[in-house]
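Participant: Mind looking over this structure? Questions follow.
The values are calculated or read from the model by the stated rules, or taken from the named source; none is laboratory data. What you see is a predicted model; the values in this text were computed from it and never measured. Every residue, glycine among them, receives a Cβ derived from its backbone with ideal geometry; neighbour counts consider all protein chains shown.
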C-alpha cells in the first residue's frame, strides 16, 4: 500500500502508538463495517448509534454518498475504547479497506478532535495531509461537521492536484492566483449549498415530525374498543392507523427535502380517517373527504372554502376548518401553521421552496397551482417546477394529496435549523 500510517488528529496530539499493541477486547470487526460502507458509505458502531441523532447520521451518510470527488469517500464512527493503539487501528483499517476497496476513509474513534483519523489504500501521505488541512480550513465545529466536510476536502485536494499537473512551471505564479480565487469560490459555494440543504432537511423533518406526533396523539384520544364498534368504524380506524404507521416509517427514510411529500401524503390520509372514525363513534355524519385546512393541515379536513388574502396579496378561495372559517369571516387572523426559518417564525406557505413538498403532500399539485399562484409562495412554486415535481412523487392526479380514493400513494426530536450539534460522549 502507498499509505502506511493513519493521519494523526486534527490537533497536535494524536492517538497513542504502542508497537504491536493488541486491540481492545471488544474491538469491532472490520466485516461488520464493510457491508454498511459498501451500501451507504457510512458506518456507525451499534454501541454508539443511539448517542448520535438520526438526522445527524443522515447528514454524514448523504455527504459521503453525494461526494463529488473521483475517489469514493467512506465515513466511520467507532467507540472510544475500540483499540488500544494506532497500530491496532491501522490493522483494522487495512482489513476494512481490503474488503471495501480504494477511496478515502475518515472517522472518529471516540469524540474530540484528537480522535479524528484519515486513511487510504491508494493515496500518498502528503495527499492525506492535504485533505486533513482542507478539513481544518473549513473550520468544523463538531464531529458531524468534521466528517461531513471530508468529501469537499477530498474534491478540493483532487482539484488542486489536477491543476498542478495541467499547467507548466512558467505559468505557475499566475495559475496560483487564478485557481486560488476560483477554487475558493467553488469550494465555498459547494459548502454553503450542502449546509443549506442539510439545514432545510432538518427543519422540514422537524415540522413533519410534529405533524406525525400530533396525529398519533389524536388517534390515541379516540380510546376505541374495536370489539364494541361496527365494521365501518373498525375499517376507518385501521385505515387511520395504517396511514400513521406509513408516515412514521417514511419519515425515518427521508434523505431529500422533496421526499417529505410522501409523509404529508400519508398524514392527510390518516387524519381524514381519524376524523371519520370519531364521527362514527359519536353517531355524527361522516364528513366529506375534503382538502385539509389550508391555514394548518393539523386541523384536519376543511369544512368549506373561504375567501382570504395574505398580507399584500390578492383574495383567493382556500379550504378552511370550522374554527379558521369563523376567524376569517369575523375579520380575525386564523390559526396559521408557523415554522422557524433562520430563527424567525413565519407561516409555512411563506417559508421558502423547501416547504413546497410539505404542502404538496397535503394538497396535491393541481390545487396548489390554483391556490398558491401569485401568492407569497410564488418562489416556492417556481422551485418545484424547476425540480420537475409536476410529474413526480405520490401527488396524485386529483385535487387531493393522499388516500386510496384520490390517487395518492402511500422526519422525532428537535432538529431545528442550527447545525451546531455539539460533541458526543462515546
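Participant: Quick test of your reading of the structure: residue 266 fulfils all but one of (1) at pLDDT below 90; (2) under 19 Å from the mean Cα position of the chain (by Cα). Name the failing condition by number.
Facilitator: Among (1) at pLDDT below 90; (2) under 19 Å from the mean Cα position of the chain (by Cα), residue 266 violates only (1).
For every residue, the table says whether it meets (1) closer than 19 Å to residue 269 by Cα; (2) surrounded by 22 or more Cβ atoms within 10 Å (Cβ to Cβ); (3) touching a strand residue (DSSP E or B) at 6+ places or on another chain (Cβ under 9 Å).
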position	(1), (2), (3)
290	yes, no, yes
293	yes, yes, yes
297	yes, yes, no
304	yes, no, yes
313	no, no, no
317	no, no, yes
329	no, no, yes
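Participant: Looking only at region 81-98, decide whether some residue is buried (at least 23 other Cβ atoms within 10 Å of the Cβ) and closer than 26 Å to residue 252 by Cα.
Facilitator: Within region 81-98, none of the residues are buried (at least 23 other Cβ atoms within 10 Å of the Cβ) and closer than 26 Å to residue 252 by Cα.
Participant: Right, next: Can you pull out every residue in region 138-148 that is at pLDDT 90 or above and out of contact with any strand residue (DSSP E or B) (no Cβ under 9 Å at 6 or more places or on another chain)?
Facilitator: Those that are at pLDDT 90 or above and out of contact with any strand residue (DSSP E or B) (no Cβ under 9 Å at 6 or more places or on another chain): 144, 145.
Participant: Condition test on residue 71, is it outside any helix (DSSP H, G or I), surrounded by fewer than 23 Cβ atoms within 10 Å (Cβ to Cβ) and assigned by TED's automatic domain parsing to the domain that holds residue 136?
Facilitator: Values: outside any helix (DSSP H, G or I): yes; surrounded by fewer than 23 Cβ atoms within 10 Å (Cβ to Cβ): yes; assigned by TED's automatic domain parsing to the domain that holds residue 136: yes.
Yes: the conditions hold for residue 71.
Participant: Among the residues of region 11-30, is any at pLDDT below 75, closer than 19 Å to residue 144 by Cβ and in a loop (DSSP other than H, G, I, E, B)?
Facilitator: Within region 11-30, one or more residues are at pLDDT below 75, closer than 19 Å to residue 144 by Cβ and in a loop (DSSP other than H, G, I, E, B).
Participant: Considering only region 302-414, give the strands (runs of 3 or more DSSP E) lying wholly within it that have at least 2 residues that are at pLDDT 50 or above and within 22 Å of the chain's Cα centre (by Cα).
Facilitator: 338-341, 344-347
Conditions (1) assigned by TED's automatic domain parsing to the domain that holds residue 346; (2) in a helix (DSSP H, G or I); (3) within 16 Å of the chain's Cα centre (by Cα); (4) under 24 Å from residue 360 (Cβ atoms), marked per residue:
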residue: 209; (1), (2), (3), (4): yes, yes, yes, yes
residue: 215; (1), (2), (3), (4): yes, yes, no, yes
residue: 219; (1), (2), (3), (4): yes, yes, no, yes
residue: 234; (1), (2), (3), (4): yes, yes, no, no
residue: 251; (1), (2), (3), (4): yes, yes, yes, yes
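Participant: Please specify each residue of region 78-112 satisfying the condition of being under 15 Å from residue 122 (Cβ atoms) and touching a strand residue (DSSP E or B) at 6+ places or on another chain (Cβ under 8 Å).
Facilitator: 93, 96, 97, 100, 103, 104, 105, 106 - these are the residues of region 78-112 that are under 15 Å from residue 122 (Cβ atoms) and touching a strand residue (DSSP E or B) at 6+ places or on another chain (Cβ under 8 Å).
Participant: I've got another one for you. Taking residue 160 as the residue in question, decide whether it is part of a helix (DSSP H, G or I), over 29 Å from the mean Cα position of the chain (by Cα) and at pLDDT 80 or above.
Facilitator: Yes: the conditions hold for residue 160.
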